[in-house]
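Remarks on the structure that follows.
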Amino acid sequence: MNVPERTRRCTLILTFVILVLSWVVVYLYLDYKLKDSINEQFERVADSTRKLFDVNLKHDKTELNFKLEEIVKTDGLAKAIANRDYEKIKSIVSPLYSQLKSTHSAVDILTFRSNEGITLFRAHKPDYFGDMLNEKRTLIVDTNTLHRSFSGFEVGNLEMTYRITKPIFYNDIYVGNVELGVSPEGFLKNLNAIFKTDLGVSINKSLLDIMLEKKAVSIGEKYLFVSGSDNLKAHFKHEHSDESELYKIDMSIPLENHLSQTLGYLIVGFDMSAIAKKNSEFMHNLFFMIVIIMLILGSIHHLGFSKTLKYFSKQIYTDHLTALLNRHALNDALFSDHKKLLILSNIKEFSLINELYGVDVGNEILVEVAETFRNFAKDYGFKAYRTSSDEYVLLKEEDNFDEDKCFKIIEQLHSKINSLKIVVNGVDEIIGIEIYSGIAFNNVHPLEDAQMALKKAKKQSQPYVMYSKQVDTKEYSQNVIKIKRTIKHALEHKNVVPFFQPITDAEGKIIKYEALVRIIEFDKGEKNILYPIDFLDISMNSGLYIKIAREMLEQSLSFFAKREEKISVNFLPNDFFDASIMDSLMNGIQKFDSPKRVVIEITEQEGVENFQRLAMVVKKLRKTGVLIAIDDFGSGYANYAHILEIKPDFIKIDGSLIQNILTDGDSKILVQSIVNFARELNIKSVAEYVENKEIFELLKEYGVDEFQGYYFGRPTDLISLN
């Protein structure tokens, strides 16, 4: 199968895969929007229910208060209560209760009691009287004690109802009281005319002892379902089918007593299946239309892609001047995990050729050299690339490296290039070409290694150099010696200085600073700033780190002892075990009016050999009053178990998570998890690398407490500025 046919086949397969994935994504999105729409409609229904309940409660309370007041004022009733005359009470109250029920069907309790709490008459259950008042029924007890009217929800012997009480006086003497009860469902009597609903009542588990009927269904740890529709009962018993997700429950209507204490909740169940069915039909019709449109677009895309693939492949992967493969093609080839032999060659003094003969002549020479590389690559199994102006690369996969064979190949290459005698139109002389070459063999970064080897070849005026560790070890050693000398000079001349970066609260107000070590270097009269990445590892290996740490502590703490903000200083775990560093810390803390303005920030990217010892030292240190922070949480040793052991005041979220948070979904999840974890433990969270407002606003939404980064300010030498 030729290349165009393979390309068309691959394009067709890819298009089909993209279409299928797109359909899946679209379907999932529409399904999500469907469920979201149902939830939104449910929220609107629930909100309407709450408003209807509040309106009916307010209206019925006023009206029933008036009705109950009329009953209490009925002639002869107060005297009958005072005389505890059951028959007389019954003869007066029964017709009044019947009349009340005819206008207010939700009223299901009307009870009269003596001043001693004895039930004299129940209009709703005339044969049940003579029992004593349960002391847990605070609304009736308060009425009996304070001789005044109350209203609110209360749990009775049989159910939870809304109660209105009135004291009864005879000849200005308190002789008893009356209570009127309305079922909570009664305040939603008009709801089913609008929505298909089920109603029920839940109470606090502590109130179950008041009720005679103890059968109830548990709702979580705190509440019980005590009455209501069978659908609700089945829901809380988990007896519903898979369609139960369309059966929505609202428990946001509190049932409060006369003391504004929540005794339970009115439960409203909504069957959203009809709405879901209508939305589902719309979703499937829309999805079908999208599928048809995407099929048409996919077909057009495949036809167009087949025609343009060849053109764009040439534009992207081919060097326009020499027709060799270019740097993009080389990058793709280097991406594989196979070991590679790479030869990087550069024309000697090519810039002089351009200057002497002009760019056009230079281009002719590049083309001639490229042709030689192309032919050589074919003969020896390489691929040839032109990566920049006068740089060429030969590359092939090689599992077994034969050094002698490699040197023979490179000698052949140089021989062919050196033998070139290029005649250019308009130039009277023959131009000879020579090259430098760098050779590398590995599967990690052969191009970079070959570049170092090529640089070495040019520096030593050798035709070629094979990359090895010795190629760059000498330069590294020289750099280490130079850095050591710089550190010693900086310590002697007070050029180890703290730079301070602000840390703000959610309002952007600076509340503290972090001290960051810098070394000021003067090279030929120019001031340079060295960062920890330049010297910290070298200082540790050379025994200079402790002096740097002490210098940082003494300067930082002395400076901030005179300011209002907190100061955060970095400690490596081993710093806690060094007596001289700890002495510097304790001496610095004594200069503060409050040790709580000093934050010890434990920073380390690798594991701690003796964590228990570290935890013990940190606990002792906390007794002095300083605050503890854990740096780079989410990486290294700073795991959840260690956090629980140390119990820091602050957690600084690993900067790599913050840097990628706008584009990396995993980073968002991890950051939210860390913030929630810290909040649960009453630990403040701090985000570093806050580079812009977008990151700042997102982190505020997540609940991060403090912020640090270039968006608020770069590290600054405040001491010099002061």
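The values are calculated or read from the model by the stated rules, or taken from the named source; none is laboratory data. Keep in mind it's a predicted model, so treat the numbers as computed, not measured. Virtual Cβ from ideal backbone geometry, glycine too; neighbours counted across all protein chains shown.
Structure data summary
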quantity	calculated
Count of residues meeting criterion [of a type in the set (K, R) and without any contact (Cβ under 8 Å) to a residue 12 or more places away in the chain] in the stretch 37-54	2
The stretch 542-553 residues that are of a type in the set (S, T, N, Q), paired with ones that are at pLDDT 95 or above (beta carbon under 9 Å, 6 or more apart)	none
Within the stretch 521-575, tally of residues that are surrounded by fewer than 18 Cβ atoms within 10 Å (Cβ to Cβ), assigned to a strand (DSSP E or B) and of a type outside the set (D, E)	4
Out of E87, E135, sole residue that is farther than 24 Å from D209 by Cβ, surrounded by fewer than 13 Cβ atoms within 10 Å (Cβ to Cβ) and out of contact with any Lys or Arg (no Cβ under 7 Å at 6 or more places or on another chain)	E87
Residue list for the stretch 217-234, restricted to those being more than 20 Å from E256 (Cα to Cα) and part of a loop (DSSP other than H, G, I, E, B)	S229
Check on I669, among the hydrophobic types (A, V, I, L, M, F, W, C) and surrounded by 15 or more Cβ atoms within 10 Å (Cβ to Cβ)	no
K67 being part of a helix (DSSP H, G or I) and within 30 Å of G117 (Cα to Cα)	yes
Close pairs (9 angstrom Cβ cut-off, 6 or more residues apart or separate chains): at pLDDT 85 or above in the stretch 336-361, part of a helix (DSSP H, G or I) and among the polar types (S, T, N, Q) anywhere	L344/Q451; V361/N354
Criterion: more than 17 Å from T603 (Cα to Cα) and modelled with pLDDT of 90 or more - qualifying residue of G508, G525	G508
Residue that is in contact (Cβ under 8 Å) with a residue 24 or more places away in the chain, outside any strand (DSSP E or B) and crowded, with 19+ Cβ neighbours inside 10 Å, where the choices are L57, L34, L110, L120	L57
Failed condition for I630, given (1) touching a Pro at 6+ places or on another chain (Cβ under 8 Å); (2) in contact (Cβ under 8 Å) with a residue 60 or more places away in the chain	(2)
Filter result (in a helix (DSSP H, G or I), free of Cβ contacts under 8 Å to residues at least 24 places away in the same chain and within 53 Å of the chain's Cα centre (by Cα)) within the stretch 372-393	A377
Residue pairs meeting the criteria (Cβ under 8 Å; at least 6 apart or on separate chains; first under 21 Å from F633 (Cβ atoms), in the stretch 575-604; second of a type in the set (V, I, T) and assigned to a loop (DSSP other than H, G, I, E, B))	V598/V626; V599/V626; I600/V626
